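Asks: Before we start, here is the structure in question, set down as structure tokens.
The values are calculated or read from the model by the stated rules, or taken from the named source; none is laboratory data. For clarity, every value in this text was computed on a predicted model and none was experimentally measured. A quick note on method: Cβ atoms are made from the backbone with ideal geometry, for glycine too, and the neighbour counts reach across all protein chains shown. When the accessible area is computed, the model is the full protein with side chains, heavy atoms only, and any ligands, DNA or RNA have been set aside. Shrake-Rupley method; radii C 1.70, N 1.55, O 1.52, S 1.80 Å.
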Amino acid sequence: MIQKFKFLRKKEKLSEKLSEKMKFGIEFVPSDPAVKIAAYVKAAEEQGVEYVWVTDHCNNRDVYSTIAVLASATNKIKLGAGVTNPYTRSPVITASSIASVNEIAAGRVLLGVGPGDKTTLDALGIAGEKPLAAVKETVTVVRELLKGQKVTFDGEVIRLKNAKIDFVGPKKTDVCMNIPIYVGAQGPKMLEAAGAVGDGVLINGSHPDDFKAAVPVIQKGAEAAGKNLSEMDIAAYTCFSIDDDAEKAYAAAKPVVAFIVAGASDPILKRHGVSESHREEIAGAISKGNFKELNSLITDKTADRFSIAGSYEDCMNKAKDLEKAGVTQIVAGSPLGQDKEKSIQFIGKMISEF
């Protein structure tokens with residue numbers, strides 16, 4: 001049973017220097033009420049988890065309202081929107097929202113910006129044109145707005161005239177000026193852009209091969225912008241499932257892995273040895289609601305390519321392999337495991353023993 005919590009607020013400055021030790025975060029989808037998620041996040045904070053990322057999808061509860069509740073319920077965990085897109089929200093609204101929750105969190109928030117989910121954009125009748133330009137321009141504009149600047153911008157996607165956020169300013173103590181911005185990226189062009197304009201990058205990937213391919217591209221973008229790769233936080237946004245019983249952990253992960261495989265691009269499928277015909281078979285089972293079939297369609301080997309799943313020892317070894325591939329933050333995403341509270345305790349153990 002989730003324990004009741006008290007709403008607390010305490011000033012904590014966001015550390016500007018990235019830790020050399022692997023950082024751990026947890027992702028939550030606000031499909032549950034914010035107060036329920038807050039209880040989990042408070043438990044994660046007590047276990048030493050440094051980050052929580054809240055997804056931004058229009059069919060769930062609002063990401064910024066949820067972050068506000070989480071901020072009031074916690075003291076030091078960093079709270080990120082993971083991720084907002086440039087199409088469903090104007091960058092001015094995004095800047096205003098992230099600055100507002102940053103006041104509540106006393107400087108603990110992070111902003112994630114990405115090109116958006118095609119399925120969602122299609123449902124809303126949004127074309128999602130020029131995603132690379134849209135993301136880069138959004139990051140640029142939001143940064144200027146958070147400095148209290150009056151912004152006029154005529155880009156490929158973003159166009160503003162004398163836009164301004166009135167409650168932020170140029171004071172050195174204004175924490176809004178230093179809100180880290182992460183870029184959600186997958187393909188090479190977006191990864192390179194993340195290296196150039198982002199403070200960090202959020203990559204939907206759970207296997208070292210994903211990061212062996214991604215890190216050199218991020219480095220290229222960073223160096224072109226006069227930055228060092230060590231300045232970047234490279235986060236693996238993973239499908240994560242942990243349990244004393246490895247079989248139970250895999251069983252919880254496989255439905256999530258199925259959706260990941262069904263929506264994966266051809267280069268990612270090729271990297272992980274999944275044929276187009278197998279993807280279509282998996283997508284067919286999902287469309288029919290035949291979730292029992294997914295247990296046989298998604299083997300443990302496939303689950304290992306698209307998730308961190310298994311016993312504590314299994315997950316620890318996989319986390320260390322990701323560190324060797326250049327990952328600096330592991331974000332434990334859905335499903336966490338069959339028992340979320342127990343999974344959070346396992347993650348705390350990983351943090352203490354890493």
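Asks: Here's a check for you: in region 128-149, which residue that is farther than 20 Å from G195 by Cα and part of a loop (DSSP other than H, G, I, E, B) is most open to solvent (accessible area, probe 1.4 Å)?
Replies: If we take residues in region 128-149 being farther than 20 Å from G195 by Cα and part of a loop (DSSP other than H, G, I, E, B), then E129 is most open to solvent (accessible area, probe 1.4 Å).
Asks: Just to check your reading of the model, which residue among G116, G107, G125 is farther than 25 Å from I67 by Cα and not in a helix (DSSP H, G or I)?
Replies: G125
Asks: Looking at this structure, is P115 under 30 Å from G169 (Cα atoms) and either touching a Pro at 6+ places or on another chain (Cβ under 9 Å) or without any contact (Cβ under 8 Å) to a residue 40 or more places away in the chain (or both)? Let's see the steps before the verdict.
Replies: On the way: under 30 Å from G169 (Cα atoms): yes; either touching a Pro at 6+ places or on another chain (Cβ under 9 Å) or without any contact (Cβ under 8 Å) to a residue 40 or more places away in the chain (or both): yes.
So P115 passes the test.
Asks: I'd like the residue in region 150-169 that is under 28 Å from the mean Cα position of the chain (by Cα), open to solvent by 70 Å² or more (accessible area, probe 1.4 Å) and free of Cβ contacts under 8 Å to residues at least 60 places away in the same chain and, out of all such residues, is farthest from V101 (Cα to Cα).
Replies: Selected residue: E156.
Asks: Working carefully through the options A38, A43, find the one that is of a type in the set (G, A, S), crowded, with 22+ Cβ neighbours inside 10 Å and modelled with pLDDT of 95 or more. Steps first, answer last, please.
Replies: On the way: A43 fails: crowded, with 22+ Cβ neighbours inside 10 Å.
Being of a type in the set (G, A, S), crowded, with 22+ Cβ neighbours inside 10 Å and modelled with pLDDT of 95 or more holds for just one of A38, A43, which is A38.
Asks: If you take just the helices (runs of 4 or more DSSP H) that sit entirely in region 227-310, which of them hold at least 1 residues that are surrounded by fewer than 17 Cβ atoms within 10 Å (Cβ to Cβ) and hydroxyl-bearing (S, T, Y)?
Replies: Qualifying helices (runs of 4 or more DSSP H): 276-287, 291-297.
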